[in-house]
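Let me begin by presenting the structure, written as structure tokens, before commenting on it.
The values are calculated or read from the model by the stated rules, or taken from the named source; none is laboratory data. The structure presented is a predicted model; accordingly, all values stated were derived computationally and were not measured. Please note: Cβ atoms are built from the backbone with ideal geometry, for glycine as well, and neighbour counts cover all protein chains shown. Just so you know, the surface numbers come from the protein's heavy atoms only, side chains and all, with ligands and any DNA or RNA stripped out. Shrake-Rupley method; radii C 1.70, N 1.55, O 1.52, S 1.80 Å.
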Amino acid sequence: MLRYLLFIPVILLAVSCKKEDISGDTKVLRTVTSLSEFESEIGSGVTLVFYHAVWCTKCAAQRPAVEALTKDDAIKAAAFLQVDYEKVKEVVTKYGVQGFPTIHIYKDNQLKHDLSGPGHTQAELTALVKALL
């Protein structure tokens, strides 16, 4: 009997840990893994790129505002990318990123906005992207 009583919490824990259904949420902050992928992504349309480093606390502070953009229907036509400095250094080097966080907004392969450092609000970023759509 005691064995069955211990088994119930294990079953409840397993059931409560199921993954959420996010099938309706198709826009995400996509991770770039190569220079060729990056250049393909910024080639047409409006693309916001979040350059960061995993150890950067200022990047972590900026991330929520950037991630919130992916859920904004007013700018759903834009693409949202992230580039990890340590994993894709060739992109960071070629595109002249000097510090972190940095946000670049491209339109048809042309850099339109270069924002360095933390503190850029979701509203500010939304306005910049929306103006280019």
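Numerical summary
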{"item": "Single condition Ala127 does not satisfy, out of (1) in contact with a Ser or Thr (Cβ under 9 Å, 6 or more places away or on another chain); (2) open to solvent by 50 Å² or more (accessible area, probe 1.4 Å); (3) among the hydrophobic types (A, V, I, L, M, F, W, C)", "result": "(1)"}
{"item": "Qualifying residue in region 9-31 (condition: closer than 24 Å to Thr126 by Cβ, crowded, with 18+ Cβ neighbours inside 10 Å and modelled with pLDDT of 95 or more)", "result": "no"}
{"item": "Of all residues in region 62-119 being of a type in the set (Ser, Thr, Tyr) and closer than 18 Å to Gly43 by Cβ, the one that is least open to solvent (accessible area, probe 1.4 Å)", "result": "Tyr106"}
{"item": "Boolean, His52 is touching a Ser or Thr at 6+ places or on another chain (Cβ under 9 Å), open to solvent by 10 Å² or more (accessible area, probe 1.4 Å) and modelled with pLDDT of 95 or more", "result": "yes"}
{"item": "Identity of the residue in region 44-98, closer than 22 Å to Ala127 by Cβ and acidic (Asp, Glu), that ends up nearest to the chain's Cα centre (by Cα)", "result": "Glu67"}
{"item": "Close pairs from region 115-133: first closer than 17 Å to Ile75 by Cα and small (Gly, Ala, Ser), partner at pLDDT 95 or above and open to solvent by less than 30 Å² (accessible area, probe 1.4 Å), Cβ under 9 Å, at least 6 apart", "result": "Ala123/Ala65"}
